[in-house]
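Colleague: Encoded as structure tokens, here's the structure I'll be asking about.
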There are 2 protein chains.
Amino acid sequence: MNEFRDEITILKALAHPARLAILEALRQSEACVCHLEALFGWRQAYLSQQLMVLRAAGLVADRREGWNVYYRVARPEIYAVLDALDQAVPNTESLPHPAFLSSCACPQCQGKSKSDRLTLQIEVENR
Amino acid sequence: MNEFRDEITILKALAHPARLAILEALRQSEACVCHLEALFGWRQAYLSQQLMVLRAAGLVADRREGWNVYYRVARPEIYAVLDALDQAVPNTESLPHPAFLSSCACPQCQGKSKSDRLTLQIEVENR
DNA sequence: TAATTATATTCAAAAAGACGAATATCATGG
DNA sequence: CCATGATATTCGTCTTTTTGAATATAATTA
């Protein structure tokens, strides 16, 4: 039963709505924590905890740039798993994920001209 | 975050070595509980518990035939998920799964001629 | 109907996971 | 070096999951 060890770790990491949502967000591009904070409206510590689990499972990697830490997917093959899952599930309706908010103050955001930024308001649960 | 509910249930069901093993066994064909018992060498109640979780997640279905209850995969698309996972993981070595033992007394087994049966002995953890 | 076989469910204790609150770390600007 | 901004970690509590043990149920045969 040892052959499963890694798979189990990854499946456990995936089996959580917040972490799935993070991975969906990172599908589009890498993102700093403040981005994700703005996107989801979660407490910073909560977000960090979830990122920690994803990191421990080897699913995401991080890169520090000054104040900000950028997260990216470390194992893009994981999306094949998620896609296959979507196929397998009598899916309610998997709405495409909301784009990033512009409320993040990281240099990457501030570098963009205001008109480039998306202003889509999304409703998320507050945690 | 509601779109994930079903996926989460399924992922949780998958995130367990015994349940993954059961699904791998059922990949080949349906099997009665006694088969799986003989194959894995687990307690009957333990096996039944795991089957219950898989059933609750909608992953397997059962069919009663006299004394025996045969389990089969209810959502074959799930194997696409498992295959994708295998691809994604720096897999130790995913040994092909052992064939069924012949020690099961169900009619399906007894119907086979002795020479048809596999006698491969496998080592499994005893639970 | 009673005994038997195959399987399912319940119960309880231990372990693991979730998450809010508080606190720590790390880089930067003054 | 100190204050601040961004992020990470620790801690405590609550909930869920895991699993052995015991017990229950369903089908079958005597």
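Colleague: As an exercise: evaluate residue A:77 against (1) crowded, with 19+ Cβ neighbours inside 10 Å; (2) at pLDDT 95 or above; (3) in contact with a helix residue (DSSP H, G or I) (Cβ under 7 Å, 6 or more places away or on another chain); (4) closer than 25 Å to residue B:13 by Cβ and give the number of the one condition it does not meet.
Modeller: Just one mismatch for residue A:77, condition (1).
Colleague: Taking segment B:50-74 as the region of interest, how many residues are under 13 Å from the mean Cα position of the chain (by Cα) and either farther than 16 Å from residue B:25 by Cβ or surrounded by 14 or more Cβ atoms within 10 Å (Cβ to Cβ) (or both)?
Modeller: Within segment B:50-74, the first condition is being under 13 Å from the mean Cα position of the chain (by Cα), and the residues that meet it are B:50-55, B:59-62, B:70-74.
Then keep just the ones that are either farther than 16 Å from residue B:25 by Cβ or surrounded by 14 or more Cβ atoms within 10 Å (Cβ to Cβ) (or both); that gives B:50-55, B:59-62, B:70-71, B:73-74.
Going through segment B:50-74 one residue at a time, the tally reaches 14.
Colleague: Next question. Where in segment B:1-64 are there helices (runs of 4 or more DSSP H), lying fully within it, with 3 or more residues that are more than 11 Å from chain A (Cβ to nearest Cβ) and either in contact with a Phe, Trp or Tyr (Cβ under 9 Å, 6 or more places away or on another chain) or within 16 Å of residue A:81 (Cβ to Cβ) (or both)? Spell out the reasoning first.
Modeller: Details: elements: B:5-14, B:17-28, B:33-40, B:44-56.
Of the helices (runs of 4 or more DSSP H) lying wholly inside segment B:1-64, those with at least 3 residues that are more than 11 Å from chain A (Cβ to nearest Cβ) and either in contact with a Phe, Trp or Tyr (Cβ under 9 Å, 6 or more places away or on another chain) or within 16 Å of residue A:81 (Cβ to Cβ) (or both) span B:17-28, B:33-40, B:44-56.
Colleague: Please determine, by comparing only the residues of segment A:28-49 that are surrounded by fewer than 17 Cβ atoms within 10 Å (Cβ to Cβ) and closer than 24 Å to residue A:12 by Cβ, which one is nearest to the chain's Cα centre (by Cα).
Modeller: That would be A:30.
The values are calculated or read from the model by the stated rules, or taken from the named source; none is laboratory data. Treat the numbers as computed from the prediction; the structure is a model and nothing was measured. Every residue, glycine among them, receives a Cβ derived from its backbone with ideal geometry; neighbour counts consider all protein chains shown.
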